[in-house]
Amino acid sequence: MRLEEVIDPKQISTNKEDLTNYGQDWTRYYEPNPEAIVFPKNTQEVQALVKWANQESKKIVVSGGRTGLSGGAVAKDGEIVLSLEKLNQIGSINEIDSTIHVEAGVITEDLQNHLRDQGYFFPVDFAARGSSHIGGNIATNAGGIKVLRYGLMRNWVSSLTVVTGKGDVLKLNQSLVKNATGYDLRHLFIGSEGTLGIITEAEIKFTSPPKPQQVLLLGAMDLDAVMNVFKTFQHNLQITAFELFTELAMKYVLKSTGLNRPFSTESPIYLLCEVELESSETEGEILTAFEKCLEEGWLSDGVINQSEQQAKDFWRLREDITESLAFATPYKNDVSVRVSDVPKFMRSIDEVYKKEYPEFEVVWFGHIGDGNLHISILKPENMSMDQFLQKCRKSDESLFSKIQEFGGSISAEHGVGLSKKAYLSFSRSAAEVEAMRAIKRHFDPKLVLNPGKIFDL
Ligand code: 2HG
Ligand code: ZN
């Protein structure tokens, strides 16, 4: 059967520009090469497409906002890209259950704004909020900047509608708070990167908005000092974010945004700490914590926002880093270790880069409050892309061996996709990967969905 017999030809595109756009995510190492893009409008159409792919031995790559950084949404081998952007309805709110029904293609920021307008709050948040889709956030178990306070995407999914690789429609959990009837399959699909099923609808939990917040931009002397500052703020205040970036990141972000340095003292490390103003005493408590850190010599300088605009500007210093490095086609890693291991881990890896790869400019930043570090190696201007990638992949071996030693993760929040699959064994045992393969074969026996992602079969 031809694709045009399964879905209205108006919902199919083979336009060259679309093939390029929809065949790639924010990773830039893979050449997009899909056969066609399809735009189903509901779960039934998605199911029909998956059944067709099973019959015709076609492969499907699911496409959300394509803001991923591991090649999880790349279609490079003639696959059909199934875009969920037409499934973009925000449904009704259930104020008793604190849930809202959404289709998978709803943009993260649209959901955040929709809930905010009703007096509620959806706390999963990150720089890609304006493009990423809720379905993609679920499929990758998105993290971001508020994880230490609100947890990962997983915590906010109360029910899921999924079309499995076989073409079954599963309605998982139906928003029950308590449900002790065997395996919670919902959690298998969360973070499965489109390899087991296509998430088409969900009920998402929401909460009450936080109290107003203050944002501090702090200059830290070294990594041990960072841990002491974290401890001081964490145990005395309700912090909602605790982010780190280095002086090198600061230089690039200032250059690209035109923002001013928040204070004149250059520090090796900067911290962005967001604190909820829980009571009338909190402002005083923030000052006390800040002064203690200065007196102890952990901080060299720091500022507290005096206006909303200043808070936004502090956040831009952190959130605009990715964009400010894009000119140098950075090679990215996204790793995690337990928070208390961050200083030792960062120091040991920095040493490897400095000693063995002196030509690399390495920019560190990340969600230090949850142990997640982003490492961007900038491509030297005079090095070819091939040579650069080869060197970076070689340096990955040292990085991932260290990760293994620390019991950390080779991908904290960006997923495995294509770019990290060769390294999965540094974080997951052979028995674990075998279990994952068996689960894949169960839900997608003909290997229709997102071929070649996470692991090979
Ligand atoms: C962030 O934390 C994103 O800003 C992107 O996860 C990180 O560019 C990156 O590597
Ligand atoms: Zn991040």
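Among the residues of the stretch 129-142, which ones are surrounded by fewer than 22 Cβ atoms within 10 Å (Cβ to Cβ) and either out of contact with any Asp or Glu (no Cβ under 7 Å at 6 or more places or on another chain) or more than 11 Å from Thr108 (Cβ to Cβ) (or both)? First the steps, then the outcome.
Of all residues in the stretch 129-142, those surrounded by fewer than 22 Cβ atoms within 10 Å (Cβ to Cβ) come to 130-131, 141.
Hits for the stretch 129-142 are Ser131, Asn141.
Please list, ordered by first then second residue, the pairs with beta carbon atoms under 8 Å, 6 or more apart or interchain, first in the stretch 424-451 and within 23 Å of Lys76 (Cα to Cα), second surrounded by fewer than 16 Cβ atoms within 10 Å (Cβ to Cβ) and at pLDDT below 95.
Between residues of the stretch 424-451 that are within 23 Å of Lys76 (Cα to Cα) and residues that are surrounded by fewer than 16 Cβ atoms within 10 Å (Cβ to Cβ) and at pLDDT below 95, the close pairs are Arg437/Leu457; Lys440/Leu457; Arg441/Leu457; Leu447/Leu457.
Please go through the stretch 404-424 and give me each residue that is within 15 Å of ligand 1 (Cβ to nearest atom) and not in a loop (DSSP other than H, G, I, E, B), ordered by number.
Ser409, Ser411
Let me spell it out: the conditions are (1) in contact with a strand residue (DSSP E or B) (Cβ under 8 Å, 6 or more places away or on another chain); (2) under 25 Å from Gln47 (Cβ atoms), and Glu413 meets all of them except one. Which number is the exception?
(2)
Between a residue in the stretch 290-302 that is without any contact (Cβ under 8 Å) to a residue 40 or more places away in the chain and any residue that is assigned to a loop (DSSP other than H, G, I, E, B) and exposed (fewer than 14 other Cβ atoms within 10 Å of the Cβ), which pairs come within a Cβ distance under 8 Å, given they are 6 or more apart or on different chains?
Nothing qualifies.
Please tell me if Val339 is within 29 Å of Val124 (Cβ to Cβ), surrounded by fewer than 21 Cβ atoms within 10 Å (Cβ to Cβ), within 16 Å of ligand 2 (Cβ to nearest atom) and modelled with pLDDT of 95 or more.
Yes; evaluated as a whole, the condition is true for this residue.
Please state which of the following conditions Val50 fails to meet, knowing it meets all the rest: (1) part of a helix (DSSP H, G or I); (2) exposed (fewer than 13 other Cβ atoms within 10 Å of the Cβ); (3) of a type outside the set (Asp, Glu).
Val50 satisfies all of (1) part of a helix (DSSP H, G or I); (2) exposed (fewer than 13 other Cβ atoms within 10 Å of the Cβ); (3) of a type outside the set (Asp, Glu) except (2).
Could you tell me whether Ser70 is within 22 Å of Asn141 (Cα to Cα) and either surrounded by fewer than 24 Cβ atoms within 10 Å (Cβ to Cβ) or within 16 Å of ligand 2 (Cβ to nearest atom) (or both)? Walk me through how you get there before you give the answer.
Numbers: within 22 Å of Asn141 (Cα to Cα): yes; either surrounded by fewer than 24 Cβ atoms within 10 Å (Cβ to Cβ) or within 16 Å of ligand 2 (Cβ to nearest atom) (or both): yes.
It is true that Ser70 is within 22 Å of Asn141 (Cα to Cα) and either surrounded by fewer than 24 Cβ atoms within 10 Å (Cβ to Cβ) or within 16 Å of ligand 2 (Cβ to nearest atom) (or both).
With respect to Leu287, is the statement that it is surrounded by 15 or more Cβ atoms within 10 Å (Cβ to Cβ) and outside any loop (DSSP other than H, G, I, E, B) true?
Working: surrounded by 15 or more Cβ atoms within 10 Å (Cβ to Cβ): no; outside any loop (DSSP other than H, G, I, E, B): yes.
Spelling it out, it is not the case that Leu287 is surrounded by 15 or more Cβ atoms within 10 Å (Cβ to Cβ) and outside any loop (DSSP other than H, G, I, E, B).
Is it true that Asp125 is of a type in the set (D, E, K, R), free of Cβ contacts under 8 Å to residues at least 60 places away in the same chain, surrounded by 15 or more Cβ atoms within 10 Å (Cβ to Cβ) and within 16 Å of ligand 1 (Cβ to nearest atom)? Working first, answer last.
Numbers: of a type in the set (D, E, K, R): yes; free of Cβ contacts under 8 Å to residues at least 60 places away in the same chain: yes; surrounded by 15 or more Cβ atoms within 10 Å (Cβ to Cβ): yes; within 16 Å of ligand 1 (Cβ to nearest atom): yes.
Spelling it out, Asp125 is indeed of a type in the set (D, E, K, R), free of Cβ contacts under 8 Å to residues at least 60 places away in the same chain, surrounded by 15 or more Cβ atoms within 10 Å (Cβ to Cβ) and within 16 Å of ligand 1 (Cβ to nearest atom).
Just the residues that are surrounded by 21 or more Cβ atoms within 10 Å (Cβ to Cβ) and either basic (Lys, Arg) or part of a loop (DSSP other than H, G, I, E, B) (or both), please, taken from the stretch 205-237.
Answer for the stretch 205-237, where residues must be surrounded by 21 or more Cβ atoms within 10 Å (Cβ to Cβ) and either basic (Lys, Arg) or part of a loop (DSSP other than H, G, I, E, B) (or both): just Phe206.
Take the stretch 322-354 and flag every residue that is in contact with a Gly (Cβ under 9 Å, 6 or more places away or on another chain), part of a helix (DSSP H, G or I) and among the charged types (D, E, K, R).
Scanning the stretch 322-354 gives a single hit, Asp341.
Can you pull out the residues in the stretch 292-325 that are within 12 Å of ligand 1 (Cβ to nearest atom), under 12 Å from Leu272 (Cα atoms) and of a type outside the set (A, V, I, L, M, F, W, C)?
If the condition is that a residue be within 12 Å of ligand 1 (Cβ to nearest atom), under 12 Å from Leu272 (Cα atoms) and of a type outside the set (A, V, I, L, M, F, W, C), then Arg316, Arg318, Glu319 are the ones that fit.
Residues Leu378, Leu447: which one is on the phi > 0 side of the Ramachandran plot and surrounded by fewer than 19 Cβ atoms within 10 Å (Cβ to Cβ)?
Among Leu378, Leu447, only Leu447 is on the phi > 0 side of the Ramachandran plot and surrounded by fewer than 19 Cβ atoms within 10 Å (Cβ to Cβ).
Does Lys379 qualify as being within 16 Å of ligand 1 (Cβ to nearest atom) and either in contact (Cβ under 8 Å) with a residue 24 or more places away in the chain or of a type outside the set (Ser, Thr, Tyr) (or both)?
Criteria met by Lys379.
Do you know which residues across the stretch 42-83 are among the small types (Gly, Ala, Ser) and either in contact with a strand residue (DSSP E or B) (Cβ under 8 Å, 6 or more places away or on another chain) or within 16 Å of ligand 1 (Cβ to nearest atom) (or both)? Walk me through how you get there before you give the answer.
Within the stretch 42-83, the subset among the small types (Gly, Ala, Ser) is 48, 53, 57, 63-65, 68, 70-73, 75, 78, 83.
If the condition is that a residue be among the small types (Gly, Ala, Ser) and either in contact with a strand residue (DSSP E or B) (Cβ under 8 Å, 6 or more places away or on another chain) or within 16 Å of ligand 1 (Cβ to nearest atom) (or both), then Ala53, Ser63, Gly64, Gly65, Gly68, Ser70, Gly71, Gly72, Ala73, Ala75, Ser83 are the ones that fit.
So which of Ser395, Ser409 ends up being within 25 Å of Val339 (Cβ to Cβ), in contact (Cβ under 8 Å) with a residue 24 or more places away in the chain and within 16 Å of ligand 2 (Cβ to nearest atom)?
After ruling out the rest, the residue left standing is Ser409.
On the given criteria, is Glu95 free of Cβ contacts under 8 Å to residues at least 40 places away in the same chain and of a type in the set (D, E, K, R)?
yes
Among the numbered criteria (1) among the hydrophobic types (A, V, I, L, M, F, W, C); (2) within 16 Å of ligand 2 (Cβ to nearest atom); (3) within 16 Å of Thr246 (Cβ to Cβ), which single criterion is violated by Leu378?
(2)
Only one residue in Gln310, Gln306 is away from ligand 2 (no atom under 16 Å from the Cβ), in a loop (DSSP other than H, G, I, E, B) and within 27 Å of Val147 (Cα to Cα). Which one?
Exactly one of Gln310, Gln306 is away from ligand 2 (no atom under 16 Å from the Cβ), in a loop (DSSP other than H, G, I, E, B) and within 27 Å of Val147 (Cα to Cα), namely Gln306.
Of all residues being part of a loop (DSSP other than H, G, I, E, B) and within 16 Å of ligand 1 (Cβ to nearest atom) in the stretch 355-376, which is nearest to Glu413 (Cα to Cα)? Just the residue, please.
Among those that are part of a loop (DSSP other than H, G, I, E, B) and within 16 Å of ligand 1 (Cβ to nearest atom), it is Gly371.
Quick check: anything in the stretch 206-215 closer than 30 Å to Gln47 by Cβ and in contact (Cβ under 8 Å) with a residue 40 or more places away in the chain?
yes
The values are calculated or read from the model by the stated rules, or taken from the named source; none is laboratory data. All values derive from a computational prediction rather than experimental measurement. Cβ sites come from the backbone with ideal geometry, for glycine too, and all protein chains shown count toward neighbours.
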